[in-house]
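The values are calculated or read from the model by the stated rules, or taken from the named source; none is laboratory data. Everything numeric in this text was worked out from a predicted model, so none of it was measured. For neighbour counting, all protein chains shown are included, and Cβ atoms are generated from backbone atoms with ideal geometry for every residue, glycine included. The accessibility values were calculated without ligands, DNA or RNA, using every heavy atom of the protein model including side chains. Shrake-Rupley method; radii C 1.70, N 1.55, O 1.52, S 1.80 Å.
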Amino acid sequence: MQIKIAPSILSADFANLQRDIQRISTADYVHVDVMDGIFVPNLSIGIPVVQSIRPVTTLPLDVHLMIVQPLRYVERFCDAGADLVTCHVEADTPENIHLALEKIHTKGKKAGVVLKPNTRAEAVLPFLHASDIILVMTVEPGFGGQKFMPDMMDKVRAIRRYIDAQNPACELEVDGGIDPDTAKIAVEAGANVLVAGSAVYKADDIPARIRQLRGL
Ligand code: DX5
Ligand code: ZN
């Protein structure tokens with residue numbers, strides 16, 4: 001399976017965002033963490049930043065919405081240049097999460113759902129056919145630099161089985177505490193897209209770190 005790397009710009013230097021995005025040009029996605037201070041106890045970046053970074057990279061923008069009622073904003077993130085937008089299943093009713101995925105697809109973009117650590121694997125099932133990607137959090141969302149939760153691997157394995165049986169084109173992404181060691185564990189459990197913030201941006205040689213995360 002081809003492993004994709006999605007460095008999280010949450011760990012970048014926001015005063016030098018263009019430079020720090022160009023530093024990850026050998027990656028597969030730019031992971032953009034959007035936080036509203038309500039769904040998670042932190043604030044980060046939003047629509048104007050997505051719009052500003054769109055022209056500085058050819059990599060697809062993977063926008064992770066940690067916001068309540070994402071349905072309100074998904075179209076604006078798509079218009080700003082997101083290529084892939086993920087919404088937390090915990091962020092609204094199932095009906096509204098379905099509507100959000102539909103809106104993203106209507107914009108011609110890829111869509112998916114995210115699960116917090118306490119949310120069970122089965123929670124993806126109603127959304128699996130409408131998802132291009134499933135994101136399993138391996139830390140509590142809200143902050144970079146936290147410790148990887150190995151007990152999430154049962155969930156990754158279960159979701160890998162659902163995907164292989166029901167929607168094999170769907171990607172399986174993990175986010176939080178990914179470094180070269182935990183990357184290996186997540187890939188063995190069935191993940192094929194790895195988000196990494198601190199492990200990428202703290203590295204002296206970023207292209208080498210990206211290769212390492214791929215297991216090469
Ligand atoms: C956490 C974010 C992550 C975070 C990952 O809420 O969703 O994307 O930036 O950072 P690391 O890789 O440092 O755990
Ligand atoms: Zn994220």
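Extending 7 Å from Cα along the Cβ direction at Ser25 and again at Glu75 yields two label points whose distance is 3.6 nm. Share of the range 132-190's accessible area from carbon and sulfur, percent, 1.4 Å? Exposed carbon and sulfur together represent 53 percent of the surface.
Show log10 I(q)/I(0) for the range 127-186 at q = 0.26, 0.28 Å⁻¹, two decimals, from a solvent-free Debye sum over equal Cα scatterers. Log10 of I(q)/I(0), two decimals: -1.06, -1.14. Distance distribution note for the range 99-216: the fraction of Cα pairs above 23 angstrom is 31%. Relative contact order for the range 1-121: 20 percent, from Cα pairs under 8 Å spaced at least 6 residues apart, divided by residue count.
Apply the a/c threshold of 1.5 to the C-alpha gyration tensor of the range 1-78 and tell me whether it is rounded, prolate or oblate. Can you show the working numbers first?
Numbers: a/c = 1.70, a/b = 1.48, b/c = 1.14.
Prolate shape, in that a/c is at least 1.5 and a/b is the bigger ratio.
Over all distinct Cα-Cα pairs of the chain, the Kirkwood formula returns a hydrodynamic radius of 16.9 Å. List every residue whose amide H lies under 5 Å from the amide H of Lys4, counting only residues 5 or more places away in sequence or on a different chain, with H placed 1.01 Å from N in the peptide plane. Correct list: Val193, Leu194. The residues of the range 94-211 expose on average 45 square angstrom of accessible surface per residue, using a 1.4 Å probe on protein heavy atoms. Summing +1 for each Lys or Arg and -1 for each Asp or Glu among the other residues whose beta-carbon sits under 14 angstrom from that of Thr26 gives +2. Each helix, a run of at least 4 DSSP H residues, gives -39500 (n - 2.57); summed and divided by the residues of the chain, these come to -9000 deg cm²/dmol at 222 nm.
Here the spin labels are modelled as points 7 Å beyond Cα on the Cα-Cβ line, and at Asp151 and Val49 they lie 3.1 nm apart.
The residues neighbouring Met66, those whose beta-carbon lies less than 12 Å from its own, together hold a net charge of -4 under the Lys/Arg +1, Asp/Glu -1 convention. If only the Cβ of Lys and Arg carry +1 and only the Cβ of Asp and Glu carry -1, the dipole of the chain around its Cα centre is close to 300 debye.
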